[in-house]
1. Residues that are closer than 15 Å to Lys142 by Cα, in contact (Cβ under 8 Å) with a residue 12 or more places away in the chain, in the same structural domain as Arg141 (by TED's automatic domain parsing) and not in a loop (DSSP other than H, G, I, E, B): does segment 107-114 have at least one?
2. Within segment 125-148, track down each residue that is open to solvent by 10 Å² or more (accessible area, probe 1.4 Å) and within 16 Å of the ligand (Cβ to nearest atom).
3. What tally of residues in segment 1-33 results from selecting those that are in a helix (DSSP H, G or I) and open to solvent by less than 40 Å² (accessible area, probe 1.4 Å)?
4. Could you list, ordered by first residue, the pairs with Cβ atoms under 7 Å in which the first is in segment 163-182 and away from the ligand (no atom under 16 Å from the Cβ) and the second is small (Gly, Ala, Ser), at least 6 apart or interchain?
5. Please state which one of Ala129, Ala101, Ala67, Ala97 is of a type in the set (Gly, Ala, Ser) and not in a helix (DSSP H, G or I).
6. Just to verify a result, which residue in segment 72-102, among those that are farther than 22 Å from His186 by Cβ and more than 16 Å from the ligand (Cβ to nearest atom), is most open to solvent (accessible area, probe 1.4 Å)?
7. Name the residue, out of Thr156, Thr122, Thr160, Thr151, that is exposed (fewer than 14 other Cβ atoms within 10 Å of the Cβ) and either in the same structural domain as Asp63 (by TED's automatic domain parsing) or closer than 27 Å to Ala34 by Cα (or both).
8. For Ala67, state whether it is away from the ligand (no atom under 16 Å from the Cβ), open to solvent by 20 Å² or more (accessible area, probe 1.4 Å) and outside the structural domain of Thr148 (by TED's automatic domain parsing).
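The values are calculated or read from the model by the stated rules, or taken from the named source; none is laboratory data. Note that this is a predicted model, so its numbers are computed, not measured. Note: ideal-geometry Cβ built from the backbone for every residue, glycine included; neighbour counts use all protein chains shown. These area figures cover heavy atoms from the full protein model, side chains too; ligands, DNA and RNA do not enter into them. Shrake-Rupley method; radii C 1.70, N 1.55, O 1.52, S 1.80 Å.
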Amino acid sequence: MAITLPPLPYARNALAPHISEETLNFHYGKHHQAYVDNLNKLLDGKPEAKASLEDIIKGSAGDAAKAGVFNNAAQVWNHTFYWHSMKPNGGGAPTGAVAEAIKKDFGGYDEFKQAFSQAGATQFGSGWAWLVAANGKLEVRKTPNAETPLTDKNATSLLTMDVWEHAYYLDFQNRRPDYIGTFLGHLVNWDFANANLAKA
Ligand code: MN
């Protein structure tokens with residue numbers, strides 16, 4: 001069973017004006033699709049081709065001989081998780097259990113925003129910023145390239161933000177901090193974070 005590109009949870013123009021349809025045409029339509037296509041080529045005829053995406057990622061993590069499989073598989077998973085981490089008319093302060101946990105573990109929403117923004121801004125080169133639940137508390141993490149908290153058995157991802165240049169360059173050029181502020185202010189999907197926390 002080949003890995004397929006999951007549908008976007010909204011129309012390609014639904015995040016505009018914050019993230020444009022043009023960005024989604026490239027980022028979802030070209031980049032995410034390319035990770036799917038590359039992964040299927042790499043797995044063609046191999047036993048792993050029958051495994052779930054999650055098992056392919058866990059089974060190739062940390063194995064230099066499987067770096068291509070890991071990078072493409074993890075990027076397929078990370079991007080799907082990223083699309084769901086945003087929604088039209090999202091952003092602003094969290095609600096529900098995530099809001100309570102952020103207050104308990106960061107001190108408040110402003111402190112969380114500062115930690116998450118800093119993780120995204122200081123991830124040198126390509127990578128991701130994450131909110132995860134690990135060992136009974138929330139944490140902000142950053143990962144380079146395709147690395148993902150999915151390979152940490154103690155962590156459950158709640159949200160992610162792509163900070164590869166292809167995520168923001170068409171809309172924000174080099175202004176990564178403006179993209180991060182827009183993600184938090186207008187796009188972040190706290191319903192998704194709450195649904196993930198409920199499974200942690
Ligand atoms: Mn990306």
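1. Start the filter on segment 107-114 by keeping residues that are closer than 15 Å to Lys142 by Cα, which leaves 112-114.
From the residues that got through so far, the ones that are in contact (Cβ under 8 Å) with a residue 12 or more places away in the chain too are 112-113.
Remaining after also requiring in the same structural domain as Arg141 (by TED's automatic domain parsing): 112-113.
Filter once more, so that each one left must be not in a loop (DSSP other than H, G, I, E, B): 112-113.
Yes: segment 107-114 contains one or more residues that are closer than 15 Å to Lys142 by Cα, in contact (Cβ under 8 Å) with a residue 12 or more places away in the chain, in the same structural domain as Arg141 (by TED's automatic domain parsing) and not in a loop (DSSP other than H, G, I, E, B).
2. Those that are open to solvent by 10 Å² or more (accessible area, probe 1.4 Å) and within 16 Å of the ligand (Cβ to nearest atom): Gly125, Ser126, Lys142, Thr143, Pro144, Asn145, Glu147.
3. Going through segment 1-33, the residues in a helix (DSSP H, G or I) turn out to be 21-33.
Next, only the ones that are open to solvent by less than 40 Å² (accessible area, probe 1.4 Å) stay: 23-24, 27-29, 32.
Count: 6.
4. Pro177/Ala121
5. Values: Ala101 fails: not in a helix (DSSP H, G or I); Ala67 fails: not in a helix (DSSP H, G or I); Ala97 fails: not in a helix (DSSP H, G or I).
Being of a type in the set (Gly, Ala, Ser) and not in a helix (DSSP H, G or I) holds for just one of Ala129, Ala101, Ala67, Ala97, which is Ala129.
6. Initially, segment 72-102 is screened for residues farther than 22 Å from His186 by Cβ, giving 72-77, 97, 100-101.
The next check asks that each one be more than 16 Å from the ligand (Cβ to nearest atom); those that pass are 97, 100-101.
Details: Ala97: 60, Glu100: 122, Ala101: 15 Å².
Here the answer is Glu100.
7. On the way: Thr156 fails: exposed (fewer than 14 other Cβ atoms within 10 Å of the Cβ); Thr160 fails: exposed (fewer than 14 other Cβ atoms within 10 Å of the Cβ); Thr151 fails: exposed (fewer than 14 other Cβ atoms within 10 Å of the Cβ).
Testing whether each residue is exposed (fewer than 14 other Cβ atoms within 10 Å of the Cβ) and either in the same structural domain as Asp63 (by TED's automatic domain parsing) or closer than 27 Å to Ala34 by Cα (or both) leaves just Thr122.
8. Details: away from the ligand (no atom under 16 Å from the Cβ): yes; open to solvent by 20 Å² or more (accessible area, probe 1.4 Å): yes; outside the structural domain of Thr148 (by TED's automatic domain parsing): yes.
Judged against the criteria, Ala67 is a match.
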